[in-house]
Amino acid sequence: MEGCIFCKIASGEIPAEKVFESANVLAFKDINPGAPVHILIIPKKHIASVNDIEDQDVNIIGEIFIAAKKIASSLGVAEDGYRVVTNCGENAGQTVQHLHYHLLGGRSLKWPPG
Ligand code: AMP
Ligand code: ZN
């Protein structure tokens with residue numbers, strides 16, 4: 001998808017601090033971390049948001065959560081706990097229109113988020 005910053009990260013055009021990569025999924029450090037551990041997990045394929053997930057994407061979405069648990073374990077937050085969230089649309093504050101799941105941990109997180 002032309003002009004999409006996360007597609008550019010997925011293709012290597014823009015650098016990122018990668019922490020996990022598989023055929024369909026990429027995870028990298030958030031550039032503006034909101035917690036000691038703040039990772040973004042994305043499908044390499046351009047999907048704009050949760051609203052745009054299609055039936056054929058079911059495996060990719062599953063792979064994202066398998067990646068999440070592996071990343072949490074490798075970064076040492078699996079035991080203490082962490083959060084995996086995605087913002088969809090304006091009211092949720094989605095700023096990048098390429099599906100991404102935030103993995104947040106390393107501190108006690110408030111609920112519900114603001
Ligand atoms: P959201 O507000 O849910 O759309 O989250 C977008 C996230 O992407 C924010 O937490 C940003 O800090 C992060 N972000 C934007 N550009 C980059 C980038 N080039 N590399 C890493 N993280 C980024
Ligand atoms: Zn994209």
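Read the figures in this text as sums done on the coordinates, not as results from a lab. The structure presented is a predicted model; accordingly, all values stated were derived computationally and were not measured. All Cβ positions, even for glycine, are placed from backbone atoms using ideal geometry, and neighbour counts span all protein chains on display.
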Practice problem: List the GluC sites (Glu not before Pro) within segment 56-104 that fall in a DSSP loop (any state other than H, G, I, E or B) and whose Cβ has at most 15 other Cβ atoms within 10 Å. | Solution: 79
Practice problem: List, in order, the whole-Hz ³J(HN,Hα) value for each residue of segment 93-106 obtained from phi through the Karplus relation with A = 6.51, B = -1.76, C = 1.60 and θ = phi - 60°; use x for Gly and Pro. | Solution: x, 5, 10, 10, 8, 9, 2, 8, 10, 7, 10, 10, x, x
Self-check item: In the chain, lysine pairs with alpha-carbon atoms under 13 angstrom apart (chain gap of 8 or more, or interchain)
Solution: 4
Practice problem: Take the alpha carbon gyration tensor of segment 1-57, find the square roots of its eigenvalues, order them as a ≥ b ≥ c, and report rounded if a/c is under 1.5; if not, report prolate when a/b exceeds b/c, else oblate. | Solution: prolate
Practice problem: Report the Stokes-Einstein translational diffusion coefficient (µm² s⁻¹, integer) for segment 32-75, Rh taken as the Kirkwood radius over Cα pairs, at 25 °C with viscosity 0.890 mPa s. | Solution: 207
Exercise. Mind pulling up the Rg/Rh value for the chain? Radius of gyration and Kirkwood radius, both on Cα.
Key: 0.94
Quiz prompt | Estimated inter-spin distance, residue 2 and residue 90, nm [label 7 Å along Cα→Cβ] | solution = 2.6
Self-check item: Length-normalised contact order for the chain - Cα pairs under 8 Å, 6+ apart - percent
Solution: 30
